[in-house]
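The values are calculated or read from the model by the stated rules, or taken from the named source; none is laboratory data. Predicted, not measured: the structure shown is a model, and the values here were computed from it. Please note: Cβ atoms are built from the backbone with ideal geometry, for glycine as well, and neighbour counts cover all protein chains shown. These area figures cover heavy atoms from the full protein model, side chains too; ligands, DNA and RNA do not enter into them. Shrake-Rupley method; radii C 1.70, N 1.55, O 1.52, S 1.80 Å.
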Amino acid sequence: MKLLLLGGTRFIGLHCAREAHRRGHEVTLFHRGTRPGPDLPGIHTLLGDRNEDLSVLKGPTWDAVLDLSAYRPPQVTRAVEALRTQVGHYTLISTISVYQMGSPPLDENSSLLPEIADSEKIDSRTYGGLKVGCERCLLQTMPEHTLVLRPCIVVGPEDYTDRWTYWAVRQGQRAIAPARLEQPLQWIDVRDLARFALDGVEQTRTGIYNTVGPKPSTTLGEFFSALEIDAAPSPETPSLELPMALPEDESRDSWMQISGERAYAAGLTLTPVKETVRDTIAWWRDIESSRPLRVGPTRDKELELLSKASS
């Protein structure tokens, strides 16, 4: 197949590009050129900014497009206007952040946040509503050719957010932890998401799928047990300063209680947690000298808190 990836140079897009290449597809990446694409033979590059000029996409045709970089509805509108006669299938990577908090488990028919038509500022207050708008733009214009994937926290090698990596590198150690170890927790290995996305492209699957794991559902405490982390809750470190922690009032628990049954029935498979941890640690060891972890307390601060928790 001839595939066009809008993005493809960072994390989810990088893994989708690699998976498409592994399957023998002809892959073209459209991106701004601010970071290198995957170092793989035969992957083509078209440079441009989807916010300003898509003219470089005019002319060629592709069997399918994977949209990995849409955060604002006008970006999707412009892409559809440029590509709807040149592609046969459109996959949008969305997010479970489109859902309103409610009684779990939330599924693909649960209520969504109010749509935000556009905003220059993309933060925790606008992100979900903007993604709702991205989905609507696509589903209204290409409903019979559209696949929307709503992943939860995406983790694994190349994860620039460090949320998962923060805990993975503490495997087998004592670590400062959130107070509420019974909070629900969900994630998906980026490679599982990439495989499911490419399966959908190859099968011209349409509709909306929550791409979440693990199965069965788990808690933060069970996650720590799987990693053999000796959790030491500390009142001196607010839980929300620690990655993947939810508010202690349980107000956002349903955000990590999303049903993935529809995706499982369609073939989504999940990598065992220890395999994801192993591969994430291996990747991190290769880059840790170049930058510190971007989330949570520093290691020195954590050691200080651990000494107090042990006294």
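Laid out as a table, the results:
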item	result
Which listed residue, of T204, T271, T280, T276, is in a loop (DSSP other than H, G, I, E, B), open to solvent by less than 50 Å² (accessible area, probe 1.4 Å) and not hydrophobic (A, V, I, L, M, F, W, C)	T271
Restricting region 94-115 to residues that are free of Cβ contacts under 8 Å to residues at least 40 places away in the same chain and aliphatic (A, V, I, L, M), the residue that is surrounded by the most Cβ atoms within 10 Å (Cβ to Cβ)	L113
Hits in region 43-54 (condition: over 16 Å from L3 (Cα atoms) and in contact (Cβ under 8 Å) with a residue 12 or more places away in the chain)	G48, D49, R50, N51, L54
Single match in T77, T91, T28, T61 (criterion: at pLDDT 95 or above and surrounded by fewer than 15 Cβ atoms within 10 Å (Cβ to Cβ))	T61
When residues of region 174-187 are limited to those that are in contact with a Leu (Cβ under 9 Å, 6 or more places away or on another chain) and part of a loop (DSSP other than H, G, I, E, B), the one nearest to L303 (Cα to Cα)	P178
Test: residue in region 265-275 that is farther than 19 Å from H15 by Cα, touching a residue at least 60 places away in the same chain (Cβ under 8 Å) and hydroxyl-bearing (S, T, Y)	no
Conditions (1) open to solvent by 90 Å² or more (accessible area, probe 1.4 Å); (2) out of contact with any Ser or Thr (no Cβ under 9 Å at 6 or more places or on another chain); (3) modelled with pLDDT under 90; number of the one not met by E304	(1)
Residue satisfying all of: in region 208-245; open to solvent by 10 Å² or more (accessible area, probe 1.4 Å) and among the aliphatic types (A, V, I, L, M); nearest to L138 (Cα to Cα) among these	I208
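Matching residues to (1) within 19 Å of the chain's Cα centre (by Cα); (2) within 29 Å of I281 (Cα to Cα); (3) part of a loop (DSSP other than H, G, I, E, B):
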{"residue": "G102", "(1), (2), (3)": "no, no, yes"}
{"residue": "E108", "(1), (2), (3)": "yes, no, yes"}
{"residue": "A117", "(1), (2), (3)": "no, no, yes"}
{"residue": "Q140", "(1), (2), (3)": "no, no, no"}
{"residue": "W167", "(1), (2), (3)": "yes, yes, no"}
{"residue": "Q171", "(1), (2), (3)": "no, yes, yes"}
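A quick yes/no check of all residues on (1) within 19 Å of A226 (Cα to Cα); (2) surrounded by 17 or more Cβ atoms within 10 Å (Cβ to Cβ); (3) in contact (Cβ under 8 Å) with a residue 60 or more places away in the chain:
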| site | (1), (2), (3) |
| --- | --- |
| T85 | no, no, no |
| R125 | no, no, no |
| L138 | no, yes, yes |
| T141 | no, no, yes |
